[in-house]
1. Restricting attention to region 367-385, does a residue exist that is closer than 30 Å to Asp233 by Cβ, touching a residue at least 40 places away in the same chain (Cβ under 8 Å) and in a strand (DSSP E or B)?
2. Starting from residues that are at pLDDT 90 or above and among the hydroxyl-bearing types (Ser, Thr, Tyr), keep the ones in region 252-284 and report whichever is farthest from Asp241 (Cα to Cα).
3. Could you pull out the residue among Val143, Val190 that is surrounded by 18 or more Cβ atoms within 10 Å (Cβ to Cβ) and in contact with a Ser or Thr (Cβ under 8 Å, 6 or more places away or on another chain)?
4. What number of residues within region 307-329 satisfy the criterion of being assigned to a strand (DSSP E or B), over 17 Å from Leu348 (Cβ atoms) and of a type outside the set (Gly, Ala, Ser)?
5. Please give the number of the condition Leu129 fails out of (1) in contact with a Ser or Thr (Cβ under 8 Å, 6 or more places away or on another chain); (2) farther than 30 Å from Ala94 by Cα.
6. Please state which one of Val234, Val318 is at negative phi, at pLDDT below 95 and in the same structural domain as Ile336 (by TED's automatic domain parsing).
7. If you scan region 274-295, which residues turn out to be within 23 Å of the chain's Cα centre (by Cα), part of a loop (DSSP other than H, G, I, E, B) and buried (at least 18 other Cβ atoms within 10 Å of the Cβ)?
Amino acid sequence: MLSVDVVSVSRVDTLRAFVTASGEIVATRYADLGSSVMGRLVSLRVREGDRVAAGQVLARIDPVQAESAVASLSAALQALESDALGATNQVRAAQAEVAVAVSRKTEADRALERARELASSGLIAQSALDASIAAAETADAQVNSARAALARAEQSQASATQRVAQGRAERARVRDQLAKTEITAPIDGVVTRLDVEEGEMVVMGVQNQPGTILMTISDLSALNAEVKVAEADVLRLSLDDAATVTLDALAGTTYTGRVAEIGASALPQIGTQAAAREFRVKVRLEGDVTSLRPGLTCDTEILVAERTDVLAVPLQAVVQRDGTSGVFVIRDGRAIFTPVTTGIIGGLTIEVTGVDEGASIVAGPFQVLRNLPAGAAVRPAAAGTSLPDA
């Protein structure tokens, strides 16, 4: 006869299932500020912990080269705009010359037509007709010449206009470079990290080489607990699930929150050895979080299921026999395998249906329970053990 641990199937008022995970506190909104230009940091106007407003100038990189480039290009652009204005005036003058030449040609053509009529009637000499023909041809040549001059002036104007556009684009580029020598806050927040000192050289990122990170601005009005959840648990989570967050730095203090974001893909694995995949989950903290700081470690319990007024047994009491879940109910001193339907798991307790409330079942020891044959004679090892708390 085997000696076994015995418990009674009990009804619990509330059974809750949790997913636990660890991580750290992070700001809901934050910005790592780098530099878009290379140079020496000549002014640093904030310290770590300072509160800043969006648009506030936080630091300045040596602007001398950028200011010189802007002045040089502005002067060159002024000369180009003057040339373009001159080209425009030339076009207008050429257009006027064309208009005059066309008017003269029209007058010459009319005079030639009258001369031909008079010559056909014998009223003028041939020499007068020849003079009218020569005058008309001269006027036509003048029109062609004026139009060619206009085409050259228009081409010169187009070239000057293009140079002005290029000059303005180049000036806009160096003005942008000058503006980037001022590092401004993109959001309202607090300087939570400051990685540089005044006088240091800063560089911008190129290709796969990261640039200098000057500082981090964080909006501490809303914080998240960013935790890593095992792949076995992540599918049990849903957005807006309630959570409880505790911190090592504030023993005895808990914060409530709700799941705000669930990672769509697993986090990259570090190292070559295979390991369980994890997913990033963000829990938005509720209430007053002004005393917290990004980077504090935390533990999170996320409520994923809750049942009321259910039957429950110790988790280890449920065994598998031929692919069927069940418990060993003690009847007349023998362990009778009874199939059950399992529900949620709360701590070391699991919801079951298929057995009667108050029935005595085998709960251990584990080595005995794992190999216990159906119908085996058993006796209680001690008085009934209480059901673990959910």
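1. No, region 367-385 contains no residue that is closer than 30 Å to Asp233 by Cβ, touching a residue at least 40 places away in the same chain (Cβ under 8 Å) and in a strand (DSSP E or B).
2. Going through the qualifying residues, I end up with Ser265.
3. On the way: Val143 fails: in contact with a Ser or Thr (Cβ under 8 Å, 6 or more places away or on another chain).
From the options Val143, Val190, the qualifying one is Val190.
4. The initial filter retains those residues of region 307-329 that are assigned to a strand (DSSP E or B), namely 307-314, 319-321, 324-329.
Applying the additional criterion that residues be over 17 Å from Leu348 (Cβ atoms) yields 308-309, 320-321, 324, 326, 328-329.
When the remaining residues are screened for being of a type outside the set (Gly, Ala, Ser), the result is 308-309, 320-321, 324, 328-329.
Selection size over region 307-329: 7.
5. (1)
6. On the way: Val234 fails: in the same structural domain as Ile336 (by TED's automatic domain parsing).
Val318 is the lone residue from the list that is at negative phi, at pLDDT below 95 and in the same structural domain as Ile336 (by TED's automatic domain parsing).
7. If the condition is that a residue be within 23 Å of the chain's Cα centre (by Cα), part of a loop (DSSP other than H, G, I, E, B) and buried (at least 18 other Cβ atoms within 10 Å of the Cβ), then Pro294 is the only one that fits.
To keep it simple, each residue is scored yes or no on (1) surrounded by fewer than 16 Cβ atoms within 10 Å (Cβ to Cβ); (2) out of contact with any Ser or Thr (no Cβ under 7 Å at 6 or more places or on another chain); (3) among the charged types (D, E, K, R); (4) closer than 29 Å to Arg168 by Cα.
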residue: Val4; (1), (2), (3), (4): no, yes, no, no
residue: Arg11; (1), (2), (3), (4): yes, yes, yes, no
residue: Phe18; (1), (2), (3), (4): no, yes, no, no
residue: Arg51; (1), (2), (3), (4): yes, yes, yes, no
residue: Ala75; (1), (2), (3), (4): yes, yes, no, yes
residue: Asp109; (1), (2), (3), (4): yes, yes, yes, no
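The values are calculated or read from the model by the stated rules, or taken from the named source; none is laboratory data. These figures come from a predicted structure and were not determined experimentally. Cβ atoms come from the backbone with ideal geometry, glycine included; neighbour counts cover every protein chain shown.
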